[in-house]
Every structure is written in C-alpha cells, then in structure tokens.
Amino acid sequence: MTVPIPKQPLNIYISKNVQSAIRKLADQMYIKYKDVHNCKFRRMLFIEAGQLPMELLTELIMFKEAFGYEDFGAIVLKKFWDVNQDLIGKTPERWNEVGKVPEEVKQELTTMQFAFALVHGVLGSIPMQWKCQRGGGGLGHSVIPDVKMKKLQVGSGSTTDLAIHTEDACLTNSADFISLFWIRNFERVPSYLYSLRSTDWEKNKKWEKILRKPIFTFRPDANYLYTKKAVEKFDTKMMPVIYGNKIHPWFRSDYIEMKGNQQSIEATYAIEWLEKEIQSKIYSDFAPDAGDLVLVNNKMIGHGRGKFNAGISPEGHLVDRRWMIRMMSHTSPMQAYAYGEPGNPFIINELLGGYLYRDFIGEIRRR
C-alpha cells in the first residue's frame, strides 16, 4: 500500500464557542499567575492545559505524535483568538519597543501568551527561551518589520523572501515545537512551509544518505547576539542535515546560511540539491489572518515567508504593519538543562553546535 505524500498542513477552524472558552481560560490564567514566566504556572502547565476545550484537545493530542509518512508536521488553527485591533493599537516600530505599549495592551498580550503556552502544554512541550534569540527575550517574541533589517534573512526583514529554514538549525538543542500567531497581517504576506515528509525519500536515497552524514557546517544568522564576522572565526563541529529515526527522521536546515560557509564539495552539492527540492515542495497557499495560530514541528518543518512592503496592503493602501508573536518550546527539560542558563535552566545557553556562550566567548578572547 502506497502512503500518500503530505503536501499541506491541516486547517482546523475554531468555532466561536471554542474561541470563547480559550479566552475564558486564558483570562483565568492571567488572574491566577499574572505572568506567563511565573514558575508556578510552568509547574502546573500540563495540568492547566487539560482544561482547554475537548474539541481542541483532541486535535492537539493527535498532532503531538503525528510523525509518520502521511503527517505534514504543521497545523493551522484558524481564528484561534479574536484580536481586538482597536485595543492593540498601532504596531510598535521594533520588537524591543513592545514593552512601551500601554498597560491594557500589555495585559492583552500576556493573556494571549497564556493561551499559546497552554497549547504547547498539551503537546507535552514546555515554553522556553533561547539566549541566542535576543538574549532570551521572553517566551513570546514579537516579530515586527524593522526598516534597518528589511534586507536581511530574519523574521524582521521584509523586502526579500525569508528562505525556508528550521529555527536555530545551528543548535543541537533547538526548539521542538513553534507556535506562530498573527496579531495582524494586513499586507497579506504568504507563509511558506516545507515538510520533510513531502519529499519522496524512496526515490532520493542517494541524497538522503549524503544528508545523513555529519559533514555540514551550520552558522548562526543575523538574529544572534554576536556578529557573523566573529562567529566565522569559531570552529564548530560538523552535523548532519537529516538525523535520527531511519524510517521517520528529523532534519535541520538553513540552506541560505549553509551556502555561505566553507563546505566540502560533497556537502555543497547536497545543499544545492536540497534547496531545489525544498523550493519545489513549498506550501505557500496561505496568508495568515489576524487571530490565526500555526503550530510547527521544528524537526519536520521548515518555515519562511514571502517578501512584502511593510505597511502597504496589496491594493496599495497604508495599513498597520505586520505583527506576529512566536513561542518556542522543548519536550525534554532534562536534556535542555544541560545547556541551561545558570540560575534559570529555562533559558537555553547554547550558541552553536553544542557550544555554550561561555565556550564561545573564551575562544574568541583567546584568538
């Protein structure tokens, strides 16, 4: 029996009743814990998550272990949240200005993040911070177009396509699950998704064999705290692109950043093939609406987006700029603790290839 190759995520439409129940539970979490970073909330996360509506719980539990040939690795929860655009107000200029919004907006953003965290909890995954991303930057990262970064291969860019990548491909302890939530997307920017399961590996065994070899160099992108020029002086260990289970494997990939490194001839050919393969299998028929939540298995799915003019609608009208909130989580706290920040193991302290920040800083100083 031939298993159909998955080509797109499952779209789940959240009813008004379920949406209201999610909101009610998130409001209760805010009253009870006040802050999504509250350690008491983290300890009770899995229990609290069980209070989500059964209709939603059922879909999330099915997604939690959807690793097979037929599983795409991402789901779209349409209208997960009713965004009050008037309350939210104008999009901040940059992500680090979100903290300057009025108190009522901060409360609304925090309440949203409680809802996202509960969803991760159903997946058995604990929301964490990665020091390589904005020094931690909180559990909910606002991704906002930044004019100073518009040409860069980062979420805050805009005038170039953001190439398909798994989040933090250069880390050995990258996020397991990622949630992407849109407060607004009036520019109608399409989201790009590629699933490792969308490639027919039976027909591409030659390339899979090469991609499983630990011969690839991964480097951090422009989001990282240290300059790429400094990082290029640092010797990182080689890692495979495809790894793990021989039948249902995982992968890490950021072919744009990988192409800029000194790769072997064999690795270079494999990266070029992978780029073409990914581009031929991208699912791009999706421009998220306000209130949509996309859940991504970061070990199966690469994500990206199309280029756009920030603050300009497809019809040429001035609009509030795109605003997305990203939350990342890890299913194995015991594994993540080995790379945890001293005093706060829920901030993963890895810079690249298994090295901690203190390893990197010491190496650069010695050089």
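Key figures
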{"item": "Sites Tyr269 and Phe46 - FRET efficiency at Förster radius 41 Å, r taken between beta-carbons, to 0.05", "result": "0.35"}
{"item": "Using alpha-carbon coordinates, inclination of helix 54-64 to the longest axis of the chain, degrees", "result": "10"}
{"item": "Whole-number D in µm²/s for the stretch 2-145 (Stokes-Einstein; Kirkwood sum over Cα pairs; 10 °C, 1.306 mPa s)", "result": "95"}
{"item": "Spread of Cα-to-Cα distances over 5 Å intervals beginning at zero, given as percent, for the stretch 252-303", "result": "4, 15, 22, 21, 15, 11, 6, 4, 2, 0"}
{"item": "Principal-axis tilt of helix 357-366 within the chain, Cα atoms, nearest 10 degrees", "result": "50"}
{"item": "Accessible surface, per residue, of the stretch 299-350 when the full set of protein chains is kept, probe 1.4 Å, Å²", "result": "43"}
{"item": "Computed P(r) (all Cα pairs; the stretch 5-68; 5 Å bins; percent)", "result": "4, 14, 21, 21, 16, 14, 7, 3, 1"}
{"item": "Cα-Cα over 26 Å, subset of Lys259/Lys307; Lys24/Lys64; Lys90/Lys259; Lys206/Lys259; Lys7/Lys246", "result": "Lys90/Lys259"}
{"item": "Average projection area in nm² (convex hull over Cα atoms of the stretch 83-193, one quarter of hull surface)", "result": "7.7"}
{"item": "20 Å-binned pair-distance histogram of the chain (Cα, whole percent)", "result": "29, 61, 10, 0"}
{"item": "Within the accessible area of the chain (1.4 Å probe), percent carbon and sulfur", "result": "53"}
{"item": "Candidates Lys203, Lys237, Lys24: whichever shows maximal mean-square fluctuation once the chain is modelled as a Gaussian network with Cα springs under 10 Å", "result": "Lys203"}
{"item": "Normalised convex hull volume, the stretch 61-113, alpha-carbon set, Å³ per residue", "result": "132"}
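The values are calculated or read from the model by the stated rules, or taken from the named source; none is laboratory data. These figures come from a predicted structure and were not determined experimentally. Cβ atoms come from the backbone with ideal geometry, glycine included; neighbour counts cover every protein chain shown. The accessibility values were calculated without ligands, DNA or RNA, using every heavy atom of the protein model including side chains. Shrake-Rupley method; radii C 1.70, N 1.55, O 1.52, S 1.80 Å.
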